[in-house]
1. Can you pull the one-decimal nm distance between simple spin-label points at residue 340 and residue 114, each 7 Å off the Cα toward Cβ?
2. Using 0.36 nm per residue, how much length does the chain from residue 44 to residue 371 gain when fully extended, once their Cα-Cα distance is taken away?
3. In whole percent, and with a 1.4 Å probe on the protein chains, what portion of the accessible area of region 155-281 is carbon and sulfur?
4. Given an 8 Å cut-off on Cα distances and at least 6 residues of separation, report the relative contact order of region 116-257 as a percent.
5. Modelled label-to-label distance, residue 174 and residue 297, 7 Å Cα→beta-carbon offset: nm?
6. Any idea of the accessible area per residue across region 174-272, 1.4 Å probe, to the nearest Å²?
7. Indicate, rounded to the nearest 5 percent, the antiparallel portion of the DSSP beta bridges found entirely in region 180-329.
8. Relative to 2.2 N^0.38 Å, what does the C-alpha radius of gyration of the chain come to as a ratio? Two decimals please.
Amino acid sequence: MRLSSMKKKCHDSTRKARSFSLRFFRKEAPKNVMQRQEKALEALEARNLLRRLRRVDFASGTSIGLEGRKLISFCANDYLGLAHHPALKAAATQAIGDWGVGAGASRLISGHSRLYEALEAGLAALKGTEAALVFSSGYAANSGALGAIIEKGDLVLADRLNHASLMEACRRSEGHFRIYRHKDIAQLRHLLEKRKKNQVVWIVTDGVFSMDGDCAPLQEILRLADTHEAYIYLDDAHATGVLGPHGGGLADECQLSSPRLIQMGSLSKALGGLGGFVAGSRTLIQYLINKARPFIYSTALPPSILAAGLAALELLEKAPSLREQLWKNRDYFHEKAQALGFDTLGSETPIVPILIGESQKALDFSERLCQAGFFVPAIRPPTVPEGSARLRITFSASHSQVQIEALLKHLEAIARDLQVL
Ligand SMILES: *Cc1c(COP(=O)(O)O)cnc(C)c1O
């Protein structure tokens, strides 16, 4: 409708506008772009870096139907098995009955259900902060919060292995962006010592690194932040619900709290649903409500997903056995994998990578595991550094010992075959 009226308008108008309209509708232009895109895809394929989507026909706990095969999934970040938990399903279903399916508009336009307030109060309590703000995803939380808090002239220091959403938000900001080597406290100190006087400094780090499964040295980072009056933005997407006596994340695990610390988390991983959040002071949250663009300009989450989040928070408190089972599963596998001689890259959490090296070999390994009945993804550059393609195995409280034993057996056999061991 718009295009045709625009075309008509152009047609009736000056010659210049007419040539614009012709160029706009000429066939070659899209063809050129298509060729460019095809070339880019071919280049990815030549380097074994082409990604494709795979169809899942059913999912029930750790069992999934992937393109005609029934597999045991070792790739979800659903650490506590909450994505399929009856309490979350019941809460979500009830909320659909009570509130409907969609939220209708952004929270600043149409208000927010009281489920939001309850969920944010619960998340703030979990993180030990004054307040919290829920975004539509962890990605949106990082993009929105970092985009709002980093101002022109600030110094931004980020770990090299941070999640892409952090890196992108830092890079897009108007701050001076510097990357330090993975967990390298000496380099971080050096960068802090070189800061300009009165410059605001942000240290941005994953709590649990998503492709390596190791943890940030939070205590040392916090000490540095205190000495140099810097602020920390901690992405606890994989730590929330997993680490700490209350499942509060890395700060809970280390028994640390600080007014210099901003904690971000995801509701999409251990909490089994969808959404991201930022926890900190009341001032910070008020500021984000006013300044974080992905919060302001995006529709609120559906009530069902908020209710599921609330049910998940309740389970964190009431069912610590889920967390215990998760760690039991992870520790059992990790010990055996190490004994077999696999390089697990310093994993300390339910994310256990197995280093392969070449992308093609990692893909072959993953395919062989698939044929044997296991869904374990190969992770390749640019998600991980060149030459460090790997299998990424994630554990859940829902895995059984039999499933883990079977995985170990096949991992060993395939590794010997592909000369990884
Ligand atoms: C998954 C992830 C995110 C994004 O969270 P979503 O809720 O999936 O959008 C952000 N940071 C890290 C470290 C993650 O692993």
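1. Roughly 5.2 nm, to one decimal.
2. This chain segment gains 115.3 nm when fully extended.
3. 48 percent
4. The normalised contact order for region 116-257 reaches 20 percent.
5. 1.6 nm
6. Solvent-accessible surface per residue comes out at 40 Å².
7. 35 percent
8. Dividing the Cα Rg of the chain by 2.2 N^0.38 Å gives 1.09.
The values are calculated or read from the model by the stated rules, or taken from the named source; none is laboratory data. Bear in mind that the values here come from a model prediction, so they are computed numbers and not experimental data. Note: ideal-geometry Cβ built from the backbone for every residue, glycine included; neighbour counts use all protein chains shown. Surface areas here come from the heavy atoms of the whole protein model, side chains and all, with no ligands, DNA or RNA. Shrake-Rupley method; radii C 1.70, N 1.55, O 1.52, S 1.80 Å.
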